[in-house]
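First the structure, in the form of C-alpha cells, and then the observations on it.
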Amino acid sequence: MKMKQSKRELKAPFLLHGGDYNPDQWLKYPEVLKEDIDLMQSAHTNTFSVGIFAWSALEPEEGLYNFEWLDKIFDDIHSFGGKVILATPSGARPAWMSKKYPDVLRVNAERVKQLHGGRHNHCFTSPTYLEKTEKINRKLAERYGKHPALLLWHISNEYSGDCHCDNCQAAFREWLKEKYDENLEALNDAWWGPFWSHTFTDWEQVESPSPNGEDGVHGLRLDWRRFSTDQTVRFMENELVPIREITPDIPVTTNFMADTPDLIPFRGLDYNRFADKIDVISWDAYPTWHNDWETTAELAMKVGFIDDLYRTLKDQPFLLMENTPSAVNWHPVNKAKRPGMHILASMQMLAHGSDSILYFQWRKSRGSTEKFHGAVVDHDRSPDNRVFQEVAELGKRMEKLAALQGTHRAAEVAFLYDWENDWALEDAQGYGLDSKQYIKTMHAHYRPFWKQDIPVDVIMKDHDFSKYKLLVVPMLYMMNNQTAEKLEVFVKNGGKLVMTYISGVVNEHDLVHNGEWQDKLTGIFGIRPLETDTLYPRDRNHVLYRSKHYEVKDYATVLELTGAKTLGDYEEDFYKGTSAVTEHAYGEGIAYYIGARLEDAFQDDFYAELLKTELINSPVGITKQEGVSIQVRYNEDSLFVFIMNFSEETRDIQLDQLYDDVLDGGNVEGDIQLDSYEVKVLRVSK
Ligand code: GAL
C-alpha cells in the first residue's frame, strides 16, 4: 500500500507562523483584540487557529448562536493578509450540554461517570455528542467555508482517551461481532478463553477491560485499544460529514501529540488509522529543552524520530501545530528556552518536513490553569519582550525560507514502528517488566543514523517496504504472517533487513506463534531463537564483534544457527561462545539479526559498517562535530541544507562545496563555525 498522501493540498501562500488564538477569552477587552492584530504583524506571524475551545462563546445557549465575534476575527486577520485555521470546538463543551444530556459525559474504566469540567472528556459514542458536534461544525462550515482567510480545518483538539459507558460497551460488542463474524467461539479462541475460565457463552458477558474487573486478557485489552481508536476515528469522521460536504476543497487536520517528558510518540491511539482520513498531519511538540537528565542533542534526536514518524504517515510535509516559544506550565520544571533555542528547535522542525511553526499560545490568558503557559504575547503585552523578539526574528527568517514550502525529504533507510506492537509488548508479562522499552530500543537504533545525518523514514507495516535499501525492525514482538511475508519479499528482492531480539513472538491476537519461531523468519534469518535471557542491571555479559567487546544489557537471546553465519558471539554465561549477532544471505538481500540489547557503541559501529557496505550516505558531504545535526529537504531544482548546532559549544563545520546562505545572504564555502544553538540554512542547485 502507498503511503496515504492527500489530494486535497494545503495551499498556503507562506510557511505558516502563528498559532492558537483565543479571542473568545478576551471579548470584554476590545482594546486587547485590536492590539493583537497589530502585534501579529510585528511578530511576523501570519496564521491563527481559532475556535479550539470556543463552544460556549459560539453557542452560549442550546440553538442560540453567536458568530459576530468570530466574523470580526476572520476579517481582521484577513485584513493584513493572514490566514485562519478553523477548529471544531468538540475538545470541550458548554455546561448546558452536560447538564441536559448526561450521555455526553465520559465513564472511566472503573465505571465512574465523570462530572462536567475539564476538556477531552466526552463519550465518543454518545448519540447527543455526535449530533451536536455535527451541527455546530455545519454552522461553522456554512458561515466560514467561503471566507478567503480560511486555510485549513483543525478537527477537535488532541483526541484521546476512552469511555466505558453502556453505549460504548454496546458499540464494543458490535465491533467485536463484526470483527469475529458473529462467531463467539472465534473470539474465545483469539482471547485464549479457557485460561482462568474466561470463556464467554453470550456476547452480553463481554465488557471493556477494567482495573476492577478483567484486566489480564491480552486479546481483550488489544481489541479494546483498537476499538477505542476506531471509535475516535468514527467520531472524527462524523465531525467531517458537514465539512467535506460544504467545504470539499479545504484540507483538514487533527493535531497529534507526543508523550512527555520523555518525548516519545503518543501511545494512546494508533495514529496510523487517522492518516488516510485527514489531509495533513500535524502535531504538538513540547520537548523539555535544557532538562537535567540528557544532552540537548539527545533530546533533539528524539524530536527527529517523532518528526520522521509522523511525517511518514502521509509522506508529505506536516505541520507543527503547537509548541511554546518559551516555557510550558506542566513539565516537572518549566524552564525558559535559552536565547537561540526557540529558533534552533523551530528550524529542526522545518528541516524534518514541517511547513509551519505554530504556537500554543498567541497570548497568555489571565486566568485558570494556563495563565503561566508560554506565549508570544506575555502579560506585559510588550513587543520588546525577549520571547516576542525571538518569535519576530524567527518570523523574519521564515519569510526568507518561503521556497522551502512543499519541499520533501528522501530516505533510503526505514524503521518499522507499530502502535499495536507497543501495546502488546507493554502487556507482555515476562522478560523484564520495566526493561522492554520499545521506543527506547527504537531510539537506540535510530541514534546512529541521526548522528551520521542519514535521512530516515519511520514506516508502518501497511506501507510499501520496497522503496528502501535498508529496513530496521527493532523488537517487533507482535508480527502477523502478512508482515513476515512482506519482510521476506523485501529481502528476497535485495533489501537489507535488521531485526532484533524479541521479534515475531506473537500474532495479531497476541497469541504466541505455535511451536517453532515463525518458519518464515527462520527461513529469512537462518536462525532459531532458543530462549531469551533477561539480565539484572548488575549482570554482565559481552558480545565480541569485529574484535571489540560490547556490553550486553537487559536481553540476550540464545540462537541456533540454521544457515546464518555469526558476526558476534556471547563471551560469558552458559551461552558463552554462541552467536548473538548473525548475517544471512537470502534471495538477493541480507537479513541481520541482533540477538542482544547492546550498548550504544555497538549500534554506532554496526550501522557504520552497514552503511559503508551499502553505500548509504548523508545527502551532503559536509563534515561536522558532535551535537550538530544536518538535515536536507528538496524540490526539483534545489537542496535546502539545515546545519544545526545542538551543543552548548562552538562547532567546526567543513562544507563540501559552495552554497547560498539563505538566511544571511551571500555564498559560503570551506570551514565555518557555528555558535551554540546556531543554525545555517544553505541552498544549492541540484
Ligand atoms: C496541548 C493542548 C493545548 C494546550 C497545550 C499546553 O496539549 O492542545 O490546548 O493545553 O497543550 O501545553
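A few comments on the model shown:
- Leu530-Glu110 FRET efficiency (beta carbon distance; Förster radius 56 Å; 0.05 resolution): 0.85
- Approximate spin-label separation Asp71-Ser685, in nm, with each point projected 7 Å along Cα-to-Cβ: 5.3 nm
- Stokes-Einstein D for the range 214-341, Kirkwood Rh over Cα pairs, 10 °C, 1.306 mPa s (µm²/s): 95 µm²/s
- Ranked by the mean number of other Cβ atoms within 10 Å per residue, highest first, peptides 663-669, 446-452, 281-287 order as 281-287, 446-452, 663-669.
- Extension gain from Asp202 to Asn481, taking 0.36 nm per residue of separation minus the Cα-Cα distance: 97.4 nm
- By the Cα gyration tensor, the range 35-177 has an equivalent ellipsoid whose semi-axes, rounded to whole angstrom, run 33, 15, 14 from largest to smallest.
- Counting charges near Leu105 (Lys, Arg +1; Asp, Glu -1) among other residues having Cβ under 15 Å from its Cβ returns a value of +4.
- Nearest-0.05 FRET efficiency for Arg234 and Lys100, computed from C-beta distance (R0 22 Å): 0.40
- In the range 435-585, the ratio of gyration radius to Kirkwood radius, Rg to Rh, stands at 0.94 when only Cα atoms are counted.
- With a cut-off of 12 Å between beta carbons, the residues surrounding Gly216 carry a summed charge of -3, where Lys and Arg count +1 and Asp and Glu -1.
- Using the empirical formula 2.2 N^0.38 Å as the baseline, the Cα radius of gyration of the chain reaches a ratio of 0.99.
- For the residue pairs Lys28/Lys337; Lys461/Lys492; Lys99/Lys146, alpha carbon separations beyond 24 Å are given by Lys28/Lys337; Lys99/Lys146.
- Segment Tyr29-Glu588, extension gain: residue separation times 0.36 nm, minus the distance between their alpha carbons: 194.3 nm
- Kirkwood Rh in Å, taken over the range 572-686 so that all alpha-carbon pairs contribute: 17.2 Å
- Under 16 Å from the Cα of Lys680 - lysines, other chains or at least 8 residues apart: Lys396, Lys400, Lys624
- Val668/Ala402 FRET efficiency (R0 25 Å; Cβ-Cβ; nearest 0.05): 0.80
- Stretching the chain fully between Glu599 and Thr295 yields a gain of 107.7 nm (0.36 nm per residue, less the alpha carbon separation).
- Distance violations [Cα-Cα > 23 Å] among Lys100/Lys371; Lys7/Lys277; Lys496/Lys565: Lys100/Lys371
Read-outs throughout are calculated quantities, based only on the coordinates presented, and are distinct from any laboratory measurement. From a predicted model like this one, the values you see are computed outputs, not experimental measurements. Cβ: placed from backbone, ideal geometry, glycine included. Neighbour counts: every protein chain shown.
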